[in-house]
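Only one structure is covered here, and it is reproduced in the block below.
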Amino acid sequence: MKEFGYQRVYDVADAVAVLDGDPEARFLGGGTNLVDLMKAGVERPGLLIDVRHLPLDRIEVTGDGGLRIGATVTNSDLAAHPEVRRRYPALAQAVLAGASGQLRNMATVGGNLLQRTRCGYFTDVARPCNKRLPGSGCPAITGEHRNHAILGASTACVAVHPSDMAVTLAAFDAVIGYETADGAGELALRDFYLPVGDTPHLETALPPGALITGVTLPPAPVAAVSRYRKVRERASYAFGIGSVAAALTVRDGVVADVRLAFGAVASRPWRAAEAERVLTGGPATAEAFAAAADTELAAARPLPDNGYKVTLMRNLVVAVLTELAEEAGR
Ligand SMILES: Cc1cc2nc3c(=O)[nH]c(=O)nc-3n(C[C@H](O)[C@H](O)[C@H](O)COP(=O)(O)OP(=O)(O)OC[C@H]3O[C@@H](n4cnc5c(N)ncnc54)[C@H](O)[C@@H]3O)c2cc1C
Ligand code: SF4
């Protein structure tokens, strides 16, 4: 592992200035992903700027009834917060579906958003990988890709984004706040993660040197009846092979509002906008849920070994929306 420096920062402006002045510096949240990648030789920073002592560790209800979540809030604190559990239960469930208690105690919101893919070729520096080394190739396409993307992938990369939390943030139209040496900015989550295209190494639209300062969730009454369901190969401590974040409002048997996003099937959290469009104003029945899932999944382009994800996602959508429809009717 390359030798590196370590510096704590206590002020957002300082954090940004230190990074701006050192091209080899990287922000350090909980370190649960970055340090692993350093050990593997994938990341080789010269300086780690520890952001955990910045005053960004609060969760506040906004004036309009949304939530503002600081970037250094730990995953454990996020999942336990009463307003998160009451207003956006799927968000708390998604966070609790990830990693382990110890990891969630360390991991931060900012680091969770920027965690890298778990594709085994990406973390093996002896193998080519377009995401790690642009232009070197993508061995996953003809190799091990059971857990890889079925939606929105490209011939350059078929990896999936690993975050559970980000899937729920996509369903609820989160906005990511950041700070750079040039000032503050915001990105809607739908624009935050870039489509993979032929540049899989470019993952987000964050400007260079940006410090994530927080996430704002706009008010969403529909989110009060919401759920995150994740399928994984082990019952705990495993990344998803498919997941759904969903929220549903039903009036007189008709879908009045619906939110749907998929995880572990694309290079970024996948907002199922086509399915939402088909469902809205229609009957809240299992048949309608299945038809909506089929509409969304018509865009799926599975590889030889991951076609099972199409069926898995269809079944997940029907199961989760059916449960929410029952809950909404109670
Ligand atoms: C065994 C294991 C199992 C896991 N299982 C799951 C799972 O099932 N689901 C899931 O979603 N996740 C899972 N994770 C991943 C875990 O959630 C992430 O490692 C964690 O969320 C990253 O947060 P962190 O604060 O530790 O980030 P770090 O490792 O500190 O940083 C990650 C990246 O974010 C950057 N960064 C950090 N904070 C900021 C900031 N404020 N502004 C700008 N850049 C920043 C860093 O420079 C780095 O590039 C697992 C991890 C492990 C090790
Ligand atoms: S799928 Fe993406 S991350 Fe995995 S080997 Fe191919 S280019 Fe690299």
Given the DSSP H assignment, sum -39500 (n - 2.57) over each helix run of at least 4 residues in the chain and divide by its residue total; what's the result at 222 nm in deg cm²/dmol, nearest 500? -8500 deg cm²/dmol
If we count GluC sites (Glu not before Pro) as exposed when they sit in a DSSP loop and have at most 13 other beta carbons within 10 Å, what is the longest stretch of the chain that avoids them all? 25-143
Under a 5 Å amide H to amide H cut-off, with H placed in plane at 1.01 Å, what residues pair with residue 255 once short-range neighbours are removed? 281, 282, 284
Under Karplus coefficients 6.51, -1.76 and 1.60, residue-wise ³J(HN,Hα) of segment 4-9 in Hz, glycine/proline x: 9, x, 9, 9, 8, 10
Positive-end extreme of charge dipole, the chain - chosen from 71, 140, 105 (charges on Cβ): 140
Which residues' amide hydrogens lie under 5 Å from the amide hydrogen of residue 238, considering only partners 5 or more residues apart or on another chain, with H built in the peptide plane? 99
Calculate how steeply helix 286-297 sits against the longest principal axis of the alpha-carbon atoms of the chain, using the helix alpha-carbon long axis, and give the answer as 0 to 90 degrees to the nearest 10. 40
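Mean separation of Cα pairs under 8 Å and 6+ residues apart, divided by the residue count of segment 5-50: what relative contact order is that in percent?
55
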Probe 1.4 Å, accessible area per residue of the chain, Å²: 44
Over the chain, relative contact order from alpha-carbon pairs under 8 Å, at least 6 apart, %: 17
Tell me, what HN-Hα J-couplings in whole Hz come from the Karplus equation 6.51 cos²θ - 1.76 cosθ + 1.60 at θ = phi - 60° for each residue of segment 104-110, using x for Gly and Pro? 5, 5, 9, 5, 10, 4, x
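Using a 1.4 Å probe on the protein heavy atoms, what percent of the accessible area of the chain belongs to carbon and sulfur?
Whole-percent figure for carbon plus sulfur exposure: 51.
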Hey, what angle do you get for helix 308-329 against the long axis of the chain, alpha-carbon based, 0 to 90 degrees rounded to 10? 60
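The values are calculated or read from the model by the stated rules, or taken from the named source; none is laboratory data. Just so we're clear, the structure is a prediction, and the values are computed from it rather than from any experiment. We place every Cβ from the backbone using ideal geometry, glycine too, and count neighbours over all the protein chains shown. Accessible surface areas use protein heavy atoms only, side chains included; no ligands, DNA or RNA. Shrake-Rupley method; radii C 1.70, N 1.55, O 1.52, S 1.80 Å.
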